[in-house]
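Notes to accompany the following structure.
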Amino acid sequence: MKSKKVLLNSVLLLIIFLFTNSFAQQEKLQKIDDFINNAMKDWEMPGFSVAIVKNDSVIFAKGYGVRNINKSDPVDENTLFVIASCSKAFTTASLAILVDQGRIKWDDPVTKYLPDFQMYDPWVTKEITIRDLTSHKSGLETFSGDFLWLNSTYDRKEVIKRARYLKPTSSFRSKYGYQNIMFITAAEVIKAVTDTSWADYVRAHILNNLDMKHTDTSYKIFNNDNNAAKGHYKKDNVMKVFTDTQIDNAHGALGINSSAIEMAQWIRLQLGKGKYNGKRIFSERQSAEMWSNQTPIGTMNYGLGWFIRYWNGKRMLNHGGGMPGMISDVTLIPEENFGFVILSNYETGMVGAVRNYISDLFTNTEPKDWEKLMLDGFARRKEAQEKEFKRREEIQVKDTKPSLPLEKYCGIYEDKMYGKAEVSLKDGKLFLQFNPTPTFRGELKHYQYDMFYIDWEDEFLTRGWVKFDMNFNGDITKMSFEVPNSPDFIFTELLFEKLPEKK
């Protein structure tokens, strides 16, 4: 009788424990829902979607707002968003599968699989490994070379081929530099080893196994999907929809378009350390390898496709993604068997605020006022941008004129890494066109002396300044750029030399 009483008490305690935990969890989820609803208004966010995984179960999945500001179609948990650089972990997971199979090693030289691959330095070409490609220690600057793929007409092979002209800014393996082109190269390693494209390999070995049937790896498919979000931006205080111009030339660095509910399955795989619904996709050993510190970044580290840090004393793995008009985030806290995904269709600090708020709640910490902190930071950045534009207006030397007639600035210019650009005269005005990137164009308006400014037709770019140089004969020889607050581009690495005119 006594043993039955003990058993009954144990069952009652278990029921009370489960009920209490369930109630506490629901309370947290309600707080998250309220936080997001308030933030949607504060940030003027068109559309947003979140899914949360705890103990191998999806405990929250919801959409907010609309897919397109010009329409009323709502975002739900099945709405597709561009996850951009959150695709990088799919690339390293694909490589991990090949490592498990003994077909590659992380420390194999890249040239073993891509004999024509070259870096700027021949020694680095010989030494750089698959691990180096996927841990951002190539010696290149953050975002260096992104001109080659974003909105350009270059295919992946041409992007990688031209990257050999990118000059390093640090010695090899000495410093972190976020590099998309190295991940594009990693995708080509997968193709070389398997004779299968990155997209098809990811589909066959990851997406299909996770039942991620709606997820795609093509911008063309994404743009034709009837439940896909559109990217947004603000111009003259009016919300607008981005024009879709990206092609599938950056697979490996990005390329996956997915929904909150399907990304939740990816999170389950990650928290399961390579196992999903009892099926082993990659080994626990390779999970640990991808989550191991590879490259220090201040108080953080980068692993293989993941940023690694500590949050309220708990190890956190995280990666964000950004493309014009889209911001995404995937966060894992393995110690809590917990993770979540955030998807949005307007580039603001709201994703960071929601990420931090959720992370605080589920590490049992009273959240900071992340809304205010992020809004204040966003306002400071905007103020700094406006201050820089105002400064350039104030230092402008007034009443100057170009040194030469406008037609003398016209011609074809070439940057060895990027390719060609053309300056032409139309109706008495100078126009600039970056040839490989159709949307990088606009009128050149005189600023001072032989400097002009350009308000790009591309919706993603901010105002830039162009400086022309001449030789002692008074002939224009070069064209260089400054684009303050440029998103994801290093315009100062471009130096266009004017080509001789054909006779």
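The values are calculated or read from the model by the stated rules, or taken from the named source; none is laboratory data. All values reported here derive from a predicted model rather than from experimental measurement. A quick note on method: Cβ atoms are made from the backbone with ideal geometry, for glycine too, and the neighbour counts reach across all protein chains shown.
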Open item on the list: Could you check region 488-503 and list, in sequence order, the residues that are part of a loop (DSSP other than H, G, I, E, B) and of a type in the set (A, V, I, L, M, F, W, C)?
Closed with: F489, I490, L494, L499
Open item on the list: Could you tell me how many of the residues in region 464-481 are without any contact (Cβ under 8 Å) to a residue 60 or more places away in the chain and β-branched (V, I, T)?
Closed with: 2
TODO: Identify the single condition in (1) of a type outside the set (A, V, I, L, M); (2) in a helix (DSSP H, G or I); (3) touching a residue at least 40 places away in the same chain (Cβ under 8 Å) that K126 does not satisfy, given that it satisfies every other one.
DONE: (3)
- [ ] Go through (1) surrounded by fewer than 21 Cβ atoms within 10 Å (Cβ to Cβ); (2) touching a Leu at 6+ places or on another chain (Cβ under 8 Å); (3) farther than 20 Å from G322 by Cα one by one and return the number of the condition G177 breaks.
- [x] (3)
Task: Unmet criterion (only one of (1) modelled with pLDDT under 95; (2) not assigned by TED's automatic domain parsing to the domain that holds M470) for K426 - done: (2)
Task: Residue that is touching a helix residue (DSSP H, G or I) at 6+ places or on another chain (Cβ under 8 Å) and crowded, with 22+ Cβ neighbours inside 10 Å, where the choices are V193, V202 - done: V202
Open item on the list: Looking at region 158-175, I want the residues that are touching a residue at least 60 places away in the same chain (Cβ under 8 Å) and have a partner that is surrounded by fewer than 18 Cβ atoms within 10 Å (Cβ to Cβ) with Cβ atoms under 7 Å, at least 6 apart or on another chain. Which pairs are those?
Closed with: Y165/Y120; Y165/K416; L166/Y120; K167/Y120
Task: Matching residues, region 359-394, being within 17 Å of E27 (Cα to Cα), part of a helix (DSSP H, G or I) and in contact with a helix residue (DSSP H, G or I) (Cβ under 6 Å, 6 or more places away or on another chain) - done: L361
Open item on the list: Show the residue pairs meeting these rules: Cβ distance below 9 Å; 6+ apart or different chains; first residue within region 289-314 and closer than 21 Å to E336 by Cα and without any contact (Cβ under 8 Å) to a residue 24 or more places away in the chain; second residue among the polar types (S, T, N, Q) and not in a strand (DSSP E or B).
Closed with: N301/S292; N301/N293; N301/Q294; I308/S292; I308/N293; I308/Q294; R309/T299; Y310/T299
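Yes/no matrix, rows are residues, columns are (1) in the same structural domain as V341 (by TED's automatic domain parsing); (2) part of a strand (DSSP E or B); (3) out of contact with any Gly (no Cβ under 9 Å at 6 or more places or on another chain); (4) closer than 19 Å to S85 by Cβ:
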position	(1), (2), (3), (4)
I261	yes, no, yes, no
L269	yes, no, yes, yes
S292	yes, no, no, no
N301	yes, yes, yes, yes
I308	yes, yes, yes, yes
M316	yes, yes, yes, yes
G321	yes, yes, yes, yes
- [ ] Kindly list, by first and then second residue, each pair from a residue in region 484-503 that is surrounded by fewer than 19 Cβ atoms within 10 Å (Cβ to Cβ) to a residue that is of a type outside the set (G, A, S) and at pLDDT below 85, limited to pairs with Cβ atoms under 9 Å and residues at least 6 apart or on different chains.
- [x] none
TODO: Could you identify the single residue in D248, D329 that is part of a loop (DSSP other than H, G, I, E, B), acidic (D, E) and either assigned by TED's automatic domain parsing to the domain that holds S359 or out of contact with any Gly (no Cβ under 7 Å at 6 or more places or on another chain) (or both)?
DONE: D248
Task: Unique match (being touching a strand residue (DSSP E or B) at 6+ places or on another chain (Cβ under 6 Å) and within 20 Å of P46 (Cα to Cα)) among G321, G349 - done: G321
TODO: Among the candidates I184, I190, single out the residue that is modelled with pLDDT of 95 or more and in contact with a Leu (Cβ under 8 Å, 6 or more places away or on another chain).
DONE: I190
Task: All helices (runs of 4 or more DSSP H) inside region 168-228 with 3 or more residues being among the β-branched types (V, I, T) - done: 180-194
- [ ] Of all residues in region 435-455, count the ones that are among the aromatic types (F, W, Y) and touching a Lys or Arg at 6+ places or on another chain (Cβ under 7 Å).
- [x] 2
- [ ] Out of A192, A229, report the one residue that is in contact with a Gly (Cβ under 7 Å, 6 or more places away or on another chain) and among the aliphatic types (A, V, I, L, M).
- [x] A229
Task: Subset tally (residues that are more than 18 Å from the chain's Cα centre (by Cα) and of a type in the set (S, T, Y)) for region 139-173 - done: 6
Task: Number of positions in region 427-442 that are buried (at least 16 other Cβ atoms within 10 Å of the Cβ) and touching a strand residue (DSSP E or B) at 6+ places or on another chain (Cβ under 6 Å) - done: 10
- [ ] For region 37-65, enumerate the residues that are in a loop (DSSP other than H, G, I, E, B) and among the acidic types (D, E).
- [x] E44, D56
